[in-house]
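Trainee: Structure below; questions to follow.
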Amino acid sequence: MSRPRNQNGQIMLDSGNWVLRYYEDRFDKTTGQTTRVRTKKPICPYAVHPLKGTASDLEFLRKKYADKISGWLTPVNKEHAITTGAITVGAFIEQSYWPRCEFRVNTPAGNELHMEPSTVEGYRDIYKRHMQTALIAKTKLADFTPRDGQRFIESLNQDLSHQTHMRIKNFLSGVFSWAIVEGAFRHANPMNEVKAGGRTKGGMNLEGLSESEKLRKTKIAASNEHAYTLEEVAVMLDKLPEPARTICALSAFTGLSRSELWGLQWKDYDGEKIDVRRKIVNNVVGAPKTEAREDSLYVVPMMRKLLAQYKKDFPQIGEGWVFRGVKGGPLNLDNVSRRDIPQHINGAWYGWHAFRRGLGTRLNEASVDHKTIQSILRHADVSTTMAYYVQPDRAAGERGLRKLSDVLQRKYKIKV
């Protein structure tokens with residue numbers, strides 16, 4: 001039996017009541033089947049409105065009880081629009097994809113379905129900034145083609161980075177993956193063949209910007225690539241006040257991320273190692289990002305001494321947050337990075353993640369094998385470690401090329 005079209009419902013008299021009759025789908029958990037059933041909802045007793053049931057009488061009832069009728073029919077008609085594809089891309093995102101994201105956020109960490117709240121916030125930001133008022137949001141979902149996707153990507157500001165373009169493309173790809181599962185889109189994912197644009201690392205366009213905006217964009221770009229050197233870490237340990245000093249030291253020598261530092265409690269540290277049990281993102285406490293991130297971290301002797309002194313200066317109170325605010329709650333590290341760090345090190349601050357990149361890069365320079373670096377940084381895949389957390393050593397490359405040149409000249413008598 002085919003699904004009903006968008007419904008208005010039928011108002012009729014039944015057992016002493018005016019009722020609304022319509023169809024809805026019901027899922028049977030026992031059989032796993034969805035069936036269409038006729039539903040009746042009481043609008044009001046006949047005694048309240050003893051009408052004859054003429055067309056004008058029924059129209060009167062429909063207008064008088066419009067809110068009640070809408071409350072019953074709106075969910076049914078939304079579901080009908082979604083599953084038949086009679087819905088725009090924007091409406092599908094708002095009515096189906098966001099609820100799906102919230103379901104995944106509420107799925108416990110450690111489950112493959114789990115999605116981080118920060119990921120959903122990023123998706124919502126993409127939708128608000130780049131899609132909500134664009135033509136793509138008004139395009140009918142079922143009619144969307146790869147060409148529509150390519151046109152949308154090419155309509156974006158091409159001064160945005162290639163990474164930003166890729167995030168937007170991947171967000172849309174996820175939307176259509178869910179639309180396919182929901183039965184609202186019955187073709188291959190249209191974003192699979194779309195080519196993302198945007199500027200590459202060397203192509204930043206600063207033309208026409210004010211000096212302050214140029215400086216801001218340049219600093220952001222540098223922060224996305226920087227890996228702190230040992231010299232930079234030493235300056236921080238010498239110049240920064242507490243608690244910024246110990247926070248930076250701990251990140252530099254363990255690779256703990258900002259969210260993990262934010263969520264650290266004294267009970268997670270046994271004097272030799274740290275067990276990562278939680279993280280805090282936007283003041284929300286959650287489980288570690290992945291199973292690999294739950295691995296224990298070795299704390300070097302120098303860091304143990306720093307932590308011991310820090311605990312004397314900032315004794316444990318309340319829930320035992322290592323880095324705590326005045327009232328005992330977890331210290332907001334975003335505030336620390338803005339208020340307590342840049343001015344003490346001449347603005348040479350590239351964010352918390354530069355500590356993880358710095359640790360990976362320095363370990364690689366010390367000839368630590370790649371699998372060990374992966375273990376220290378707690379990545380699920382060594383390819384992530386090498387692609388994003390180990391910066392190339394240009395000096396080592398130059399030494400290697402000079403060595404190759406010397407060998408070639410000695411062995412093959414090449415004259416220059």
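Trainee: Could you work out the relative contact order of region 273-374, using alpha carbon pairs under 8 angstrom and six or more residues apart, expressed as a whole percent?
Mentor: Dividing the mean separation by the residue count of region 273-374 yields 13 percent.
Trainee: While we're here: Starting from the alpha-carbon convex hull of region 242-324, give the projected area averaged over all orientations, in nm².
Mentor: 5.0
Trainee: ³J(HN,Hα) across region 350-364 via Karplus (A = 6.51, B = -1.76, C = 1.60, θ = phi - 60°), whole Hz, x for Gly/Pro?
Mentor: These are the phi-based 3J(HN,Hα) values: 10, x, 5, 5, 5, 5, 5, 5, x, 5, x, 5, 5, 5, 5 Hz.
Trainee: Another question, if that's okay. Hey, can you rank 325-334, 167-176 by average C-beta count inside 10 Å, highest first?
Mentor: So the order, starting with the most tightly packed, is 167-176, 325-334.
Trainee: Going down the table (LYS267/LYS289; LYS279/LYS311; LYS239/LYS273; LYS239/LYS311; LYS40/LYS138; LYS140/LYS169), which pairs top 29 Å between alpha carbons?
Mentor: Table pairs above 29 Å Cα-Cα are LYS40/LYS138.
Trainee: Order these peptides, 39-51, 343-355, by their mean beta-carbon neighbour count within 10 angstrom, highest first.
Mentor: Highest-to-lowest ranking by the protection proxy: 343-355, 39-51.
Trainee: Counting other Cβ atoms within 10 Å, which GluC sites (Glu not before Pro) in region 95-173 have at most 14 and lie in a DSSP loop?
Mentor: Taking region 95-173 and a limit of 14 other Cβ atoms within 10 Å, the loop GluC sites (Glu not before Pro) found are GLU112.
Trainee: Tally Lys and Arg at +1 and Asp and Glu at -1 over the other residues with C-beta under 10 Å from the C-beta of LYS195: what net charge comes out?
Mentor: With Lys, Arg at +1 and Asp, Glu at -1, the neighbours total -1.
Trainee: Which value in nm describes the separation of the simple spin-label points at MET302 and TYR46, placed 7 Å from the Cα toward the beta carbon?
Mentor: 9.0
Trainee: Need the list of aspartates and glutamates near LYS52 for cross-linking: C-alpha distance under 19 angstrom, and skip anything on the same chain fewer than eight residues off.
Mentor: Within the straight-line limit of under 19 Å, LYS52 reaches these aspartates and glutamates: ASP14.
Trainee: Ok, one more. Stretch GLN316-SER15 to full length: gain in nm at 0.36 nm per residue minus the Cα-Cα span?
Mentor: 101.5 nm
Trainee: For region 306-313, what does the Karplus curve 6.51 cos²θ - 1.76 cosθ + 1.60, with θ = phi - 60°, yield as ³J(HN,Hα) per residue in whole Hz, taken in order and with x for Gly and Pro?
Mentor: 5, 5, 5, 5, 4, 5, 5, 6
Bear in mind these aren't lab numbers, they're just calculated from the coordinates by the rules spelled out. All of these numbers come straight from a predicted model, not from anything done at the bench. In this analysis, Cβ positions are derived from the backbone assuming ideal geometry, glycine residues included, and neighbour counts consider all displayed protein chains.
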